[in-house]
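One structure is given here, and the rest of the page talks about it.
The values are calculated or read from the model by the stated rules, or taken from the named source; none is laboratory data. For clarity, every value in this text was computed on a predicted model and none was experimentally measured. Cβ coordinates were reconstructed from backbone atoms using ideal geometry, including for glycine residues, and neighbour counts include every protein chain displayed. These area figures cover heavy atoms from the full protein model, side chains too; ligands, DNA and RNA do not enter into them. Shrake-Rupley method; radii C 1.70, N 1.55, O 1.52, S 1.80 Å.
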Amino acid sequence: MPLPPALFIAGAGTELGKTYVTAALVRHLRAEGRRVRALKPLASGVPPMDDPAFAESDTGRLLAAQNIAITPAAVEACSPWRFSAPLAPDLAAMREGRSLALDDLTVWCRARLSEAAPGEMLLIEGVGGLMSPVTEAATGLDWLKALELPALLVSGSYLGAISHALTAVETLRAHGVALAGVVVSESEGAPTPPETVAAAIARHGGVTVGIVPRGGDFPKDLV
């Protein structure tokens, strides 16, 4: 059975706006009448569900973009591995006396792919940067390769973002990961416009690059 259309949302670094970009893509696809499901299997720094701050967590934002109410079942279906400490998942899990294995994570994601409805687009958002540890032995790149999905890379526009994005692009290519494109998510207080950063990444990386301004929509040329 062929896999449904799916993307892995990876980051050239951490705190770049992956969740905002993923949510923006969800809203765009939904506005076009397309079926889409967004998942954040691993999430750190997540407050309890009864905390008002949960709505601003990555999981809360993705559920809101899908117009799904925050319930225990919905949260578990979106983010089964949640940790309270704002640390890399392996460290956050260790702090809570829990363990996390790449095989379990991969099996869970593949199960969600297999149960997708006809025509449904599945978005799986990673955690941290491309090479951030997700378990004691595996990185986000290992997770992405295990799923064999194309990646949408999210970059910032801060000083140094061009180098970080191009390094991530070359890393993906070296490991045979298909790259659907790069999204430059505008960084607050960046010294150069996001258009300048995007143009440099496109020129040196030979990739399609779109821009998401602060508070803006997903770029149509990357849909």
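Of the peptides 49-55, 16-22, the ranking by mean beta-carbon count within 10 Å, highest at the top, reads 16-22, 49-55.
Just checking the listed ones, I162, I124, I70: in the Gaussian network model of the chain with Cα springs under 10 Å, the one fluctuating most is I70.
Taking amide H positions as modeled 1.01 Å from N, with prolines and chain starts lacking one, the residues under 5 Å from V134 and 5 or more places away or on another chain are T139, G140. Evaluated at q = 0.19 Å⁻¹, the base-10 log of the normalised Debye intensity for segment 6-212, with identical point scatterers placed on the Cα atoms, takes the values -1.48. Rg/Rh for segment 88-145 stands at 1.03; both radii use Cα atoms, and Rh follows the Kirkwood definition. Counting only Cβ charges, +1 for Lys and Arg and -1 for Asp and Glu, the dipole size of the chain around its Cα centre is about 440 debye.
In the context of the full set of protein chains, the chain has a per residue accessible area of 46 Å² (1.4 Å probe). Cβ under 15 Å from I70's Cβ, I70 left aside: what net charge do those residues give with Lys, Arg +1 and Asp, Glu -1? Summing Lys and Arg as +1 and Asp and Glu as -1 gives -2. Projecting the alpha carbon convex hull of segment 65-167 along each direction and taking the average yields 8.4 nm². Note that segment 120-134 has calculated 3J(HN,Hα) couplings of 7, 8, 10, 10, 10, 8, x, 9, x, x, 3, 9, 5, x, 10 Hz, one per residue in order, obtained from phi through the Karplus relation 6.51 cos²θ - 1.76 cosθ + 1.60 (θ = phi - 60°); glycine and proline are x. In order along segment 9-14, phi translates into HN-Hα couplings of 8, 10, x, 6, x, 9 Hz, rounded to whole numbers, per the Karplus curve 6.51 cos²θ - 1.76 cosθ + 1.60 with θ = phi - 60° and x for Gly and Pro. A Cβ-based charge dipole, computed about the Cα centre of segment 1-121 with Lys and Arg at +1 and Asp and Glu at -1, lands at about 360 debye.
Summary of packing: across the peptides 40-46, 212-218, the per-residue average of other C-beta atoms within 10 Å ranks them, highest first, as 40-46, 212-218.
By accessible area, using a 1.4 Å probe on protein heavy atoms only, segment 6-212 has 54% of its surface on carbon and sulfur.
Among residues other than G206 with Cβ under 15 Å from its Cβ, the summed charge is +1 (Lys and Arg +1, Asp and Glu -1).
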